[in-house]
Amino acid sequence: MYNTRMHRLNTVPFALMGVLNVTPDSFSDGGLYADCDAAAARAAELAAGGAAIIDIGGESTRPGAEPVSAEEELCRVVPVVERVTAAGPLVSIDTMKLAVAEACLDAGAAMINDVSAFRAEPDLAGLVADRGAYCCLMHMRGTPRMMQSDIHYQDVVSEVTAFLEARLDFAVSQGVAEDRVLLDPGIGFGKAVMHNVELLRRLDQIVALGRPVVIGTSRKSFLGSLTGRATAERLAGTISSNVLAFDRGASVFRVHDVAPVRDALEVALAVASASSAPCSYEVAA
Ligand code: HH2
């Protein structure tokens, strides 16, 4: 059942992925939804705002974040995955760990969002293949702890594109069906401000790999650098960057503020799909 609904990701013009972090230390919603009732209420709010997918995370990946154990991550996320899937929304689990991914698939999750793109635990690819689950493979330089130090790229877009193509090939070599894979350039993961800007500007290069592209700019620090805004004040920057990514072919938008981004994307979609035939109109005398 969930695979049929997820399969629409290959065809819909866009889908919103609502962020739900059940961590004490996520960069923008840390500590807000650690309680299972609060998390379930937030998931319902995200779904009502237009989220087709709820992305549940139990380990922060913000720059400098300390890793958490599999036991701790399991305690944080599994009860929430059970509650949210029982309520109806599609669930993606934001994890790099095989044990967490397996328990969350058992609890009803439909997608594994692995910011390490199966590098942290390569056997995760086999699990995704066996279960026929979806996966999002993201580009990240190094690990969250160290990723923002000593950043160098010759051509960030070509390097990220080549990385994603290689990770897609790896997933397929492990038995994952290509049409189950989404790709993500990893905005803010081991990138300086101008690398993020360049990735958005030339996103069509990544879209050309032929898989749905996920984009995660929501409230991120590069928006703060560009606008001088604090984390809670980055909605306009979030909307702008998501609309620009949509214009270049991204189709899944990972955001905290689902409803306003949805509205902006609906307008962008209407403009993108309007006929280019000249309008005929009459002016009343
Ligand atoms: N960004 C974050 C976490 N997971 N997954 C994908 N696919 N793409 C992203 O851009 C992405 C991601 C970081 O944001 P957030 O979850 O809000 O913060 P934290 O990692 O501190 O929990």
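The values are calculated or read from the model by the stated rules, or taken from the named source; none is laboratory data. This one's a predicted model, so the numbers in the text were calculated from it and none came from an experiment. As a convention, Cβ positions derive from the backbone with ideal geometry for all residues, glycine included, and neighbour counts pool all protein chains shown.
In summary, Leu244 fulfils each of the numbered conditions (1) closer than 19 Å to Val160 by Cβ; (2) of a type in the set (A, V, I, L, M); (3) surrounded by fewer than 17 Cβ atoms within 10 Å (Cβ to Cβ) with the single exception of condition (3).
Mind checking whether some residue in region 256-268 is among the small types (Gly, Ala, Ser) and assigned to a loop (DSSP other than H, G, I, E, B)? Scanning region 256-268 turns up no residue that is among the small types (Gly, Ala, Ser) and assigned to a loop (DSSP other than H, G, I, E, B).
Within region 120-179, being closer than 18 Å to Lys97 by Cβ, acidic (Asp, Glu) and part of a helix (DSSP H, G or I) holds for one residue alone: Asp130. Taking the conditions exactly as written (more than 10 Å from the ligand (Cβ to nearest atom), at pLDDT 95 or above and of a type in the set (A, V, I, L, M)), does Ala39 satisfy them or not? When the stated conditions are applied, Ala39 passes them. Summed over region 245-261, the residues that are closer than 16 Å to Gly18 by Cα, in contact (Cβ under 8 Å) with a residue 40 or more places away in the chain and more than 15 Å from the chain's Cα centre (by Cα) give a count of 1. In the condition set (1) at pLDDT below 95; (2) surrounded by fewer than 18 Cβ atoms within 10 Å (Cβ to Cβ); (3) not basic (Lys, Arg); (4) not in a helix (DSSP H, G or I), Gly190 is compliant with all but (2). Looking across region 64-96, the residues that are more than 16 Å from Val19 (Cβ to Cβ), within 16 Å of the ligand (Cβ to nearest atom) and either hydroxyl-bearing (Ser, Thr, Tyr) or buried (at least 24 other Cβ atoms within 10 Å of the Cβ) (or both) come down to Glu73, Met96. Within region 212-233, the residues that satisfy the criterion of being surrounded by 16 or more Cβ atoms within 10 Å (Cβ to Cβ) and in a loop (DSSP other than H, G, I, E, B) are Pro212, Gly216, Thr217, Ser218, Arg219, Lys220. Among the residues of region 200-211, is any of a type in the set (Gly, Ala, Ser) and in a helix (DSSP H, G or I)? Within region 200-211, not a single residue is of a type in the set (Gly, Ala, Ser) and in a helix (DSSP H, G or I).
Matching residues to (1) free of Cβ contacts under 8 Å to residues at least 40 places away in the same chain; (2) under 16 Å from the mean Cα position of the chain (by Cα):
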| position | (1), (2) |
| --- | --- |
| Asp169 | yes, no |
| Glu178 | yes, no |
| Asp184 | no, yes |
| Lys191 | no, no |
| Pro212 | no, yes |
